[in-house]
Amino acid sequence: MTNITKAPRAQGQAERIYHQLKQDIFDFRLLPGDRFSESEIAARMGASRTPVRQALYALEQEGYVAVQPRSGWQVKHIDFDYLESLYDLRVVLELEAVKRLCALPPDSQPDILLALKAFWTDSPPLPDGQEVARYDEQFHMDLVAAAGNPEMARVHRDVTEKIRIVRRMDFTKTPRVEATYAEHGAILQAIMARETEEAQNRLQQHIAQSQKEVRTITLHTLHQARQQKL
């Protein structure tokens with residue numbers, strides 16, 4: 001009976017620690033290259049080493065941390081070549097989704113598109129860049145989901161998760177936030193007008209510009225964060 005009652009509690013602890021550590025990595029509280037031990041994390045999280053180890057193994061499988069023989073754990077360095085390949089896959093999926101949406105009958109507007117239009121073109125812009133980052137991520141996932149292929153949407157969600165650590169940096173500068181609203185509005189307008197080539201071109205340009213900004217901002221942000229920890 002004891003083992004049955006303890007297992008769910010340990011699993012809940014591991015999940016809590018997993019989400020907190022992942023957020024620490026996303027927010028650069030844990031920087032690429034940082035080393036730490038299971039004991040250090042356990043003390044900070046107020047937990048035993050077992051759920052800490054479970055959380056770290058989950059993060060290792062997702063590519064965020066790596067175990068170092070005889071020296072604990074380390075946050076993995078950002079692999080920009082790997083991220084470039086994920087961005088390429090993201091573009092392929094989103095362009096196909098836009099193509100399918102533009103192929104719908106002219107009088108058929110999925111509710112999800114109408115909701116996106118209401119947020120990105122008919123409502124006042126949000127002032128908080130990080131809040132906009134979350135909505136931007138959802139915008140792109142909603143476009144793929146609206147295309148109606150659940151497996152495409154699942155793969156796209158996985159890609160979105162993996163690039164989140166750098167992509168959200170695109171919203172630390174006001175001009176990029178303003179540009180995102182304008183670019184999303186133009187993409188939606190082209191989709192609703194069933195202008196496939198225009199919609200795809202605008203989407204591709206939007207992602208390419210964001211990708212370019214992300215790399216510059218991320219390197220700068222990492223340097224600043226590293227200096228603050230010295």
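Just so you know, in region 42-58 the residues that are surrounded by 17 or more Cβ atoms within 10 Å (Cβ to Cβ) and within 21 Å of residue 164 (Cβ to Cβ) include one that is nearest to the chain's Cα centre (by Cα), and it is 58. Hey, can you tell me all the residues within region 193-213 that are among the aliphatic types (A, V, I, L, M) and open to solvent by less than 40 Å² (accessible area, probe 1.4 Å)? Those that are among the aliphatic types (A, V, I, L, M) and open to solvent by less than 40 Å² (accessible area, probe 1.4 Å): 199, 203, 207. Can you tell me which residues in region 77-94 are hydrophobic (A, V, I, L, M, F, W, C) and in contact with a Pro (Cβ under 8 Å, 6 or more places away or on another chain)? 78, the sole residue that qualifies.
Checking each residue in region 17-36 for being farther than 16 Å from residue 79 by Cα, touching a residue at least 24 places away in the same chain (Cβ under 8 Å), surrounded by 14 or more Cβ atoms within 10 Å (Cβ to Cβ) and not hydrophobic (A, V, I, L, M, F, W, C) picks out 18, 20, 22.
Across region 65-79, the number of residues qualifying as loosely packed, with under 13 Cβ neighbours inside 10 Å and of a type outside the set (Ser, Thr, Tyr) comes to 5.
Against the test of being surrounded by 15 or more Cβ atoms within 10 Å (Cβ to Cβ) and assigned to a helix (DSSP H, G or I), the options 118, 97 yield a single qualifying residue, 97.
Candidates in region 139-189 are the residues that are among the polar types (S, T, N, Q) and at pLDDT 95 or above; of these, the one that is nearest to the chain's Cα centre (by Cα) is 149. Considering the conditions (1) outside any helix (DSSP H, G or I); (2) surrounded by 17 or more Cβ atoms within 10 Å (Cβ to Cβ), residue 106 is excluded by exactly one of them, (2). Residues considered: 158, 136. Of these, the only one that is open to solvent by less than 30 Å² (accessible area, probe 1.4 Å) and more than 17 Å from residue 215 (Cα to Cα) is 136. Among residues of region 63-89 that are on the phi < 0 side of the Ramachandran plot and part of a strand (DSSP E or B), those with a Cβ under 9 angstrom from a residue that is open to solvent by 30 Å² or more (accessible area, probe 1.4 Å) and among the basic types (Lys, Arg), sequence gap 6+ or separate chain, pair up as 65/76; 66/76; 68/35; 73/35; 74/35; 75/35.
The values are calculated or read from the model by the stated rules, or taken from the named source; none is laboratory data. Quick caveat, the model's predicted, so the values are computed rather than measured. Glycine also receives a Cβ, built like all others from the backbone with ideal geometry; neighbour counts cover every protein chain displayed. The area values use the complete protein model at the heavy-atom level, side chains included, leaving out ligands, DNA and RNA. Shrake-Rupley method; radii C 1.70, N 1.55, O 1.52, S 1.80 Å.
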